[in-house]
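The values are calculated or read from the model by the stated rules, or taken from the named source; none is laboratory data. From a predicted model like this one, the values you see are computed outputs, not experimental measurements. With ideal geometry, Cβ positions are generated from the backbone for all residues, glycine too; neighbour counts draw on all protein chains shown.
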Amino acid sequence: MILFFGIIILLFILVEINLVSFAFIEIGIPHQLIFTALLATLLGSFINIPLKKIPQEDMASEERISFFGLTYVVPVWKRKVTILAVNVGGAIIPTILSIYLLLKTGLYLAAFIATLFMIAATFKLARPVEGVGIVLPFFVPPILAALISWFIAYAHAPVIAYICGTLGTLIGADILNLKKVRNLGAPVASIGGAGTFDGIFLNGILAVLLSSFFVYP
């Protein structure tokens, strides 16, 4: 049973890596750079760079102290903080790839319009969850990015889908909602999420795959 589940997990990882590789090829990442991008994303997903500490509201609690057989209840005020960080694999690397694609393709106007739509949509969809942070419905952003890219730049849908799926979600869901983090009580608020193929990175990849399906059914 252990061997069986090990094989299943290995196959799942291989399929996931193949899908990501296909998405990179679709948006024009040179074949020789795909492994480097995958490795950088994999390693970077475990790295959160702290940016600042956001103080939370003071919270009152009680501490019991025993002294010579007597127990005293002492009020204690504790100040909690939220560490605001940026995830390397989930935010920085997708942003660098988006800028690279913009410079390579020159699709500035189409990318700008598509990203504006994504910013507005993800800002409306993002919801603060106490103790967690800002969350989004999992499949909605990549579907939106694929549809927007299809209508705005059909011939270049995969590239536009990746750019607006990453930058639009990053700005609309994360950056524009930073002021809400103060009241959520989450210990860490990571821009771009955390996890191997999670957050902003996964939105961009799924958007590319979906837009490729629209363009090349």
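Residue count for the stretch 114-149 satisfying the condition of being part of a helix (DSSP H, G or I), closer than 26 Å to Ile83 by Cα and in contact with a Ser or Thr (Cβ under 9 Å, 6 or more places away or on another chain): 3. Within the stretch 31-43, residues that are farther than 12 Å from Ser21 by Cβ reach partners that are surrounded by 13 or more Cβ atoms within 10 Å (Cβ to Cβ) with beta carbons closer than 6 Å, at six or more positions or on different chains, in the pairs Ala40/Ile93; Leu42/Thr196. Checked against the criterion of being polar (S, T, N, Q), modelled with pLDDT under 75 and either in contact with a strand residue (DSSP E or B) (Cβ under 8 Å, 6 or more places away or on another chain) or under 17 Å from Glu26 (Cβ atoms) (or both), the candidates Asn183, Asn203 yield just one match: Asn183.
For the stretch 81-107, the candidate set comprises residues that are surrounded by fewer than 17 Cβ atoms within 10 Å (Cβ to Cβ) and not in a helix (DSSP H, G or I); within that set, the residue that is modelled with the lowest pLDDT is Val81. Out of Lys78, Lys53, one residue alone is touching a Ser or Thr at 6+ places or on another chain (Cβ under 9 Å), among the basic types (Lys, Arg) and at pLDDT 75 or above. It is Lys53. Condition check for Val188 on (1) crowded, with 24+ Cβ neighbours inside 10 Å; (2) at pLDDT below 80; (3) in contact with a strand residue (DSSP E or B) (Cβ under 8 Å, 6 or more places away or on another chain); (4) hydrophobic (A, V, I, L, M, F, W, C): one failure, at (1). Out of the residues in the stretch 1-35 that are at pLDDT 70 or above and not in a helix (DSSP H, G or I), which is surrounded by the fewest Cβ atoms within 10 Å (Cβ to Cβ)? That would be Pro30.
Filtering the stretch 114-124 for residues that are closer than 16 Å to Ala23 by Cβ and either surrounded by 17 or more Cβ atoms within 10 Å (Cβ to Cβ) or touching a Lys or Arg at 6+ places or on another chain (Cβ under 7 Å) (or both) leaves an empty set.
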